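Written below as C-alpha cells is the structure these notes are about.
The values are calculated or read from the model by the stated rules, or taken from the named source; none is laboratory data. Here the structure is a predicted model, which is why all the values come from computation and not from measurement. A quick note on method: Cβ atoms are made from the backbone with ideal geometry, for glycine too, and the neighbour counts reach across all protein chains shown.
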C-alpha cells in the first residue's frame, strides 16, 4: 500500500503524536520514512551591517539547535521501532509548500501530519499548515488529531 511516508513535525507534543502514529504505520507496512521539519527563513528589517550579521548568526545558531533536537527526537522514535528513516530540514516561508514539494521530490506516497482539529473560521484565521497541505497536496494525507 504505502512504501515511503513523509512525516512532518515541528517538535511540539502534538506533532510528536503524529510522528508516533506515522512510525507505527510505517512499521506495520514495512515502509521507509522521511522525517521533515520546516522553519521560516530569516527576515531582516535592519540596514546596519553589523547588526544584520549578528542577528543572522544568532538566528542560525538557535535554529540549528532547535532543528537538531526536533529531528533527533523523531529519529529516536523511528529507531526504537526499527523503521528506516531519513531526516531533513527545509527553510520556507510557506511550510506547507516545503512539505508537499519534499514529499513529491522524495517519491513519498503518503504525508502524515498532526492537527489541532480546528475547523471553520478558527482554522481559516490561524492558517493551519495541515489544512493547507490537505488543500494543495495531490498525495494522500493522514491527519492525526
Output the residues belonging to the stretch 75-97 that are more than 16 Å from residue 23 (Cα to Cα) and surrounded by 20 or more Cβ atoms within 10 Å (Cβ to Cβ).
-> 95, 96
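Which count do you get for residues in the stretch 75-119 that are part of a helix (DSSP H, G or I) and out of contact with any strand residue (DSSP E or B) (no Cβ under 6 Å at 6 or more places or on another chain)?
Taking the stretch 75-119 first, the residues part of a helix (DSSP H, G or I) are 75-81, 95-105.
Cutting the leftovers down to out of contact with any strand residue (DSSP E or B) (no Cβ under 6 Å at 6 or more places or on another chain) gives us 76-77, 79-81, 96-97, 100-101, 104-105.
The number of residues fulfilling the criteria is 11.
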Close pairs (6 angstrom Cβ cut-off, 6 or more residues apart or separate chains): closer than 14 Å to residue 86 by Cα in the stretch 1-20, assigned to a helix (DSSP H, G or I) and modelled with pLDDT under 95 anywhere | 9/15
Filter the stretch 22-45 down to residues that are surrounded by fewer than 15 Cβ atoms within 10 Å (Cβ to Cβ) and at pLDDT below 95 and give me whichever is nearest to residue 94 (Cα to Cα).
-> 40
Only one of (1) touching a helix residue (DSSP H, G or I) at 6+ places or on another chain (Cβ under 9 Å); (2) modelled with pLDDT under 95 does not apply to residue 87, and that is (2)
When residues of the stretch 21-38 are filtered for being under 12 Å from residue 1 (Cα atoms), assigned to a helix (DSSP H, G or I) and in contact (Cβ under 8 Å) with a residue 12 or more places away in the chain, how many remain?
-> 3
